[in-house]
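**Q** Before anything else, here's the structure in question.
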């Protein structure tokens, strides 16, 4: 297998900049997922690595060899496409062996490699079938098998599961994870689905507008998003964002807006001249919103959150609740601010009722509003 390096890689279509100076390294035997919204440039980057798109500027290296002007067939890369790209007039065996037959590999070697790949992907009983006789999941396995038989240095996956239904996507995610463990290959996998990214990747590369926003392990980008885009893109349901200005009250720091006053602990941000008066955005994930119904007679506000890292109780109106089986999404309105909380199922509170809530301040994220960058540890 091999390492891959992108150095200041740029791609333009006329005046439209698709990729803007991408710098990244994929280590040998690593599984890297490139994730981002449609149109962010992730597929273009993959196609440039494969030699299917020309580079406007910059350099791409595979195993420390510059490949900018190298023919695609010489790069020792195998690509699995979104639409499978199988030859409809060939059997499964013929599709899988096509590249080997094209370069006139010995028949014994072809049979050995196809048999090995078919065993790995459970395709042995399907080798004589035509693509039209296969399900979507089976076709995708054939496309992966066609890549495996070539024994490339790098495997490229371009949104391979996007044409499958939810159950098949789940099954294929497991199969791809098992395949990686078995092959110990270098894999670069492009998707817009953050669930695929979080479950498959050793490292995630998050892109937006042709720029890499953050690179890290799934837990790193989830727990410490580098900016507002990453914070909003990674995590489901999406993170809550509370906009406001920082105010000092004695030694304590608060975010305030027209709807609420939110305590900011000193370990997140210190009460300094630099921070006081600063426009910020506080991010809180829905499962870090601690919710109770309105206090019962004789019950102190926040009594049921005792012992939890609570930012201070606030009150809002329950707009909508969504039952998701074992969990429930609560949409709470506080002035012009809407807060989404994920709680245990059967909260048993009707829309329009008042609820009290606070934030787990240990897991709050603070971003500078102007730059959108994370400013707490």
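**Q** Kindly list the residues of the stretch 235-266 that lie in the label zone of residue 309, defined by a backbone N under 11 Å from the point 7 Å along the Cα-to-C-beta vector.
**A** 265
**Q** Once you have a ≥ b ≥ c as the square roots of the Cα gyration tensor eigenvalues for the stretch 123-162, tell me rounded if a/c is under 1.5, and otherwise prolate or oblate according to whether a/b is larger than b/c. Present the calculation step by step, with values, prior to reporting the outcome.
**A** Numbers: a/c = 3.30, a/b = 1.41, b/c = 2.35.
Judged from the Cα gyration tensor, the stretch 123-162 comes out oblate (a/c at least 1.5, b/c at or above a/b).
**Q** Given a cut-off of under 8 Å on Cα pairs at least six residues apart, what relative contact order in percent is computed for the stretch 94-241?
**A** Computed over the stretch 94-241, the figure is 16 percent.
**Q** Another question, then. When a/c is below 1.5 the answer is rounded, else prolate if a/b is larger than b/c, else oblate, so apply that to the stretch 53-196 with a ≥ b ≥ c taken from the square roots of the Cα gyration tensor eigenvalues.
**A** Cα axes put the stretch 53-196 in the oblate bin.
**Q** What's the FRET efficiency of residue 27 with residue 170 using the Cβ-Cβ distance as r and R₀ = 25 Å, to the nearest 0.05?
**A** 0.35
**Q** Using the alpha-carbon centroid of each, what span in Å lies between the stretch 1-46 and the stretch 52-102?
**A** Centre-to-centre (Cα) distance: 16 Å.
**Q** Given points 7 Å out from each Cα along the Cα-Cβ axis, report the residue 270 to residue 20 separation in nanometres with one decimal.
**A** In this crude spin-label approximation the distance works out to 3.3 nm.
**Q** Report, in cubic angstrom per residue, the convex hull volume of the C-alpha atoms of the stretch 240-368.
**A** Given the Cα convex hull of the stretch 240-368, per-residue volume reads 111 Å³.
**Q** Compute the angle between helix 136-148 and the longest alpha-carbon principal axis of the chain, please, reported from 0 to 90 degrees and rounded to the nearest 10.
**A** 60
**Q** Here's a follow-up. Find the centroid of the Cα atoms in the stretch 146-165 and in the stretch 221-256, then give the distance between the two in whole Å.
**A** Answer, in whole Å: 37.
**Q** How would you classify the chain from its alpha-carbon gyration tensor, with a ≥ b ≥ c the square roots of the eigenvalues: rounded for a/c under 1.5, else prolate if a/b is greater than b/c, otherwise oblate?
**A** Cα axes put the chain in the prolate bin.
**Q** Then there is this: For residue 98 paired with residue 70, estimate the spin-label separation in nm (one decimal), with each label point 7 Å from Cα along the Cα-to-Cβ line.
**A** Output for this residue pair reads 2.4 nm.
**Q** Pick from 157, 31, 346: which residue has the top mean-square fluctuation in a GNM of the chain where Cα pairs under 10 Å get a spring?
**A** 346
**Q** If you line up the long axis of helix 107-121 against the longest principal axis of the chain, both from Cα atoms, how many degrees apart are they, to the nearest 10?
**A** Taking the Cα atoms of the chain, the angle to 107-121 is about 20 degrees.
**Q** How far is helix 92-102 tilted, in degrees, relative to the longest principal axis of the Cα atoms in the chain, given as a value from 0 to 90 rounded to the nearest 10?
**A** Between helix and principal axis, roughly 60 degrees.
**Q** Could you calculate the contour length gain from residue 199 to residue 109, that is, 0.36 nm times the residue separation minus the distance between their Cα atoms, to one decimal place in nm?
**A** 28.9 nm
**Q** To the nearest 0.05, what FRET efficiency results for residue 135 and residue 257 with a Förster distance of 56 Å applied to their C-beta separation?
**A** 0.60
Computed from the coordinates by the stated procedures, all read-outs in this text should not be read as laboratory data. No experiment lies behind these values; they were computed from the predicted model shown. For neighbour counting, all protein chains shown are included, and Cβ atoms are generated from backbone atoms with ideal geometry for every residue, glycine included.
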